[in-house]
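Below you'll find the structure, written out as structure tokens, and then a few comments.
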Amino acid sequence: MLAQRPPLRGRPRIVVVPPKREPVTSVHMDGLWTQLEPLLAKVAKPARYIGLEDGAQRPDHDPRQVAWLLAYPDTYEIGLPNQGLQILYELLNEHPDAVAERTYAPWVDLDALLRAHGLPLFSLDTHRPAGLFDVIGFNLSAELTYTNLLNMVDLAGVPVRTADRRPEHPLIAAGGHCTYNPEPLADFLDFVVLGDGEEIVSEITDVLAGWKASGRTEGSREGVLRALAGVTGVYVPSLYDVTYDGADLVAVTPRYPDVPEMVEKRTLADLGDWPYPKNQLVPLTEVVHDRLNVEVFRGCTRGCRFCQAGMITRPVRERPAEQVRTMVAEGLRRTGYDEVALTSLSTADFSGIEKLVGDIVRSTDDGPPVSVSLPSLRVDAFGVGIATQLQKARRTGLTFAPEAGTWRMRQVINKLIREEDLYQAVEAAYENGWRRVKLYFLTGLPTETDEDTLGIAELARNCVALGKAHTKSPSVTVSVGGFVPKPFTPFQWFGQNTVEELRRKINLLRDDTRKSHGVQLKWHDPKATLIEGVMSRGDRRLGPVLEEVWRRGGVFQEWNERFDLDLWLDAMAAHGVSPDWYAHRHRTEHEVLPWDHLSAGLHKDFLWQDWRDSLAEVGLPDCRWTPCYDCGACTGYSIEHIVASATPPAGGSQGTGQDLRSSSVPVSLLARRPEPAVTTAGVTP
Ligand code: SF4
């Protein structure tokens with residue numbers, strides 16, 4: 001499963017404080033390469049800005065086609081591997097009425113140089129000014145990148161606020177997981193896409209092509225936004241009025257009868273119809289996840305209560321195994337990579353994963369060795385079978401995400417893996433030759449006690465002890481992140497821990513692991529966790545805060561060395577916004593949440609009941625092995641819930657080899673929907 005968030009990025013080689021922002025003026029030129037080239041000699045990592053990767057496209061721009069600039073609001077090395085962006089890049093370039101290029105956030109050194117020379121943000125593929133595109137579509141996957149979005153829009157020569165844009169300006173759009181609550185960005189985004197992008201980009205292109213054909217006349221901007229609001233899955237924030245009563249949000253209502261009251265997400269019914277990307281980009285410089293990535297399924301029914309990705313991407317849709325094998329074989333042949341990752345939220349849950357991994361390993365027997373990695377491994381689905389198959393390939397470190405240190409805590413968060421599951425997985429790894437194991441945990445979870453926190457250290461020590469039977473110096477890296485409640489999860493009502501409380505818990509762990517040989521502790525900065533929490537569940541009143549932080553130089557806030565809490569606190573104070581109110585306050589059942597007019601397909605009463613179950617420490621088994629809970633995710637997508645007739649995959653309690661109703665499963669797992677014994681008021685923040 002996914003950890004709550006990736007760790008903050010490491011230190012880049014050069015840090016340049018951006019100068020006072022000057023407006024960008026010169027956007028009406030084509031192909032900026034001759035002006036850019038001399039600047040690249042003066043910046044760190046110029047390869048970030050060149051393009052020309054294997055798989056890159058250099059489209060000719062026909063004025064009748066809709067020109068998309070797909071943007072990632074972080075550096076090239078973080079953004080390039082993003083599969084969502086690469087999929088849309090290919091699909092749009094196959095569309096007869098569209099072309100697409102890419103851009104990533106220029107690091108602060110190039111940003112300063114561009115502004116000093118009056119040059120705008122540009123596309124990587126043809127170095128075309130960003131302002132010449134019809135739409136700039138951002139992929140948003142982390143709250144701390146929001147100010148980068150504003151910076152890129154400004155650098156494109158586009159007014160940052162939607163209200164100030166004119167027909168000649170590109171539309172500014174966003175998709176990705178953060179857009180399930182885009183309200184803090186409502187002042188800056190023309191439209192937002194909820195859910196899978198494969199089908200909807202074509203429908204949006206059709207609307208925009210009509211707008212272009214009509215000449216993008218004065219006053220037509222609102223018209224095209226109204227038309228876009230009619231596309232299922234598109235949300236246009238400016239077409240909704242927001243009502244407050246004091247601090248409380250009362251309602252978000254459409255301003256016109258043809259604008260939907262509730263915006264539904266888009267969901268692909270069959271992943272097998274979309275074997276993309278077919279031409280994965282091969283970077284010229286080092287990037288994260290630098291390997292062939294093949295998505296094996298979308299969605300997750302495990303029901304971990306902290307996991308927004310799992311909830312919003314339901315239901316599970318698997319790619320046919322034969323298609324995975326073909327994509328792997330063709331991808332390896334084309335790219336020359338010696339590593340392939342089978343990606344999903346919980347890859348070991350893929351039907352027939354052992355056979356699939358075995359087939360891939362065997363298919364490379366005659367060539368150079370290829371490493372197969374399963375980046376999101378559930379410990380309870382990682383058994384000797386998979387370990388043996390992976391062991392035949394080159395070994396890298398293995399990462400598991402138990403998420404919490406005690407069984408009680410794991411019941412609260414519905415990560416129903418037992419200690420035996422973890423130990424069995426770790427032992428299988430060490431037995432099969434791995435030396436390094438990484439464990440992801442969250443702290444600051446609802447009802448967490450010091451015993452739960454210290455349980456993390458205990459698990460890690462026990463893993464090292466197990467490893468000693470197989471290797472001289474086993475190593476376990478414990479990575480701890482502060483928990484941030486996310487929209488559309490059962491924990492969306494929980495008030496997160498304060499910075500001080502998170503720091504205290506991390507210190508507790510640090511003291512406890514200090515003398516534990518073989519255990520290394522890493523943690524996420526609790527100060528950054530606070531701002532992520534404010535933005536995660538924030539509303540439109542945070543727009544001026546974002547703008548002020550950006551105007552005062554607060555970009556790349558997701559990078560450790562550039563994050564500045566004071567900047568955020570000062571901006572919030574200046575705009576009368578309380579971080580405590582947004583981050584640390586428990587929400588009540590009937591409170592209107594800023595994302596209540598958006599739908600991830602999940603029933604709110606299902607989430608509320610699951611929240612109450614969590615406080616009563618009641619687990620909710622994976623719905624693949626039980627009758628449907630009517631969470632809402634399958635309804636309306638023509639996806640039928642089938643209770644598996646066979647037993648779940650081999651492993652532990654949730655992906656267990658036994659039926660969940662067997663006596664080996666704790667009774668509390670089976671007794672769902674009791675009268676709640678605990679209310680939110682009883683939660684220790
Ligand atoms: S609708 Fe039912 S089967 Fe589908 S994800 Fe929700 S609980 Fe599972």
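The values are calculated or read from the model by the stated rules, or taken from the named source; none is laboratory data. Bear in mind the structure is a predicted one, so any value in this text is a computation, not a measurement. Please note: Cβ atoms are built from the backbone with ideal geometry, for glycine as well, and neighbour counts cover all protein chains shown. Side chains included, ligands, DNA and RNA excluded: accessible areas come from the protein's heavy atoms. Shrake-Rupley method; radii C 1.70, N 1.55, O 1.52, S 1.80 Å.
Structural remarks
- Kirkwood Rh, angstrom, the range 198-261 [1 / mean 1/r, Cα pairs]: 13.2 Å
- Potential lengthening of the chain between S220 and R435 amounts to 71.2 nm, from the contour at 0.36 nm per residue minus the alpha-carbon distance.
- Residue-wise HN-Hα couplings along the range 251-259, as the Karplus relation 6.51 cos²θ - 1.76 cosθ + 1.60 with θ = phi - 60° gives them from phi, are 6, 10, 10, x, 7, 9, x, 8, 9 Hz; Gly and Pro carry x.
- The simple Förster model, with R0 at 35 Å and r as the Cβ-Cβ distance, assigns D164 and K522 a FRET efficiency of 0.25.
- Normalised contact order of the range 427-542, rounded percent, pairs of Cα under 8 Å and 6 or more residues apart: 33 percent
- For the chain, taking a cut-off of 4.7 Å between Cβ atoms, the unpaired cysteines are C178, C300, C463, C623, C628, C631, C634.
- Theoretical gain in end-to-end length, K515 to E500 [0.36 nm per residue, Cα-Cα removed]: 3.0 nm
- Note on the range 143-184: Kirkwood hydrodynamic radius from all Cα pairs is 11.3 Å, rounded to one decimal.
- Backbone amide hydrogens, once placed in the peptide plane, bring Y240 within less than 5 Å of R255, excluding anything fewer than 5 places away on its chain.
- Carbon and sulfur %, accessible surface of the range 541-605 computed with the full protein complex present, 1.4 Å: 50 percent
- The ellipsoid that matches the Cα gyration tensor of the range 190-301 has semi-axes, each √(5λ) in whole angstrom, of 33, 21, 15, with the longest given first.
- With 10 Å bins beginning at zero, the pair-distance distribution over Cα atoms of the range 481-612 amounts to 11, 35, 31, 18, 4, 0 %.
- Per residue, in Å², the accessible surface of the chain once ligands and nucleic acids are set aside, probe 1.4 Å: 37 Å²
- Using alpha-carbon coordinates, inclination of helix 450-467 to the longest axis of the chain, degrees: 70 degrees
- Inter-label distance, L508 to W608: 3.2 nm, where each label sits 7 Å from its Cα along the C-beta direction.
- In Å², nearest 10: area of E37 left accessible to a 1.4 Å probe: 100 Å²
- 5 angstrom amide H check on T477, placed H, neighbours 5+ away: V437, K438, L439, Q520
- For the range 223-240, 3J(HN,Hα) per residue [Karplus equation, 6.51 cos²θ - 1.76 cosθ + 1.60, θ = phi - 60°, Hz, x = Gly/Pro]: x, 5, 5, 5, 5, 5, 5, x, 8, 4, x, 9, 10, 10, x, 5, 8, 10
- Each principal axis of the range 50-149 carries a Cα extent, and these read 37, 29, 24 Å when sorted largest first.
- Per-residue Karplus couplings for the range 403-410, computed as 6.51 cos²θ - 1.76 cosθ + 1.60 with θ equal to phi - 60°, are listed in order as 6, 9, x, 10, 4, 4, 5, 6 Hz, Gly and Pro entered as x.
- Per residue Cα convex hull volume in Å³ - calculated over the chain: 152 Å³
- In this structure the amide hydrogen of A100, modeled in the peptide plane, comes within under 5 Å of the amide hydrogens of W68, N93, none closer than 5 places in sequence on its chain.
- The angle between the Cα long axis of helix 321-335 and the main principal axis of the chain comes to about 60°, on a 0 to 90 degree scale.
- Rounded to the nearest 10 degrees, the inclination of helix 146-155 to the longest alpha-carbon principal axis of the chain is 20 degrees.
- Rounded to 0.05, the FRET efficiency of the R58 and A573 pair, given R0 = 45 Å and the Cβ-Cβ distance, is 0.40.
- Estimated FRET transfer efficiency (K472, E94; beta-carbon r; R0 35 Å; 0.05): 0.05
- Prolate/oblate/rounded label for the range 142-250 (Cα gyration tensor, a/c 1.5): rounded
- The chain, dipole about Cα centre (Lys/Arg Cβ +1, Asp/Glu Cβ -1), debye to the nearest 20: 1720 debye
- Of F491, N432, L466, farthest towards positive along the dipole that unit charges on Lys, Arg, Asp, Glu beta carbons give the range 429-514: N432
- Rg and Dmax over the alpha-carbon atoms of the range 439-504 stand at 15.0, 46 Å.
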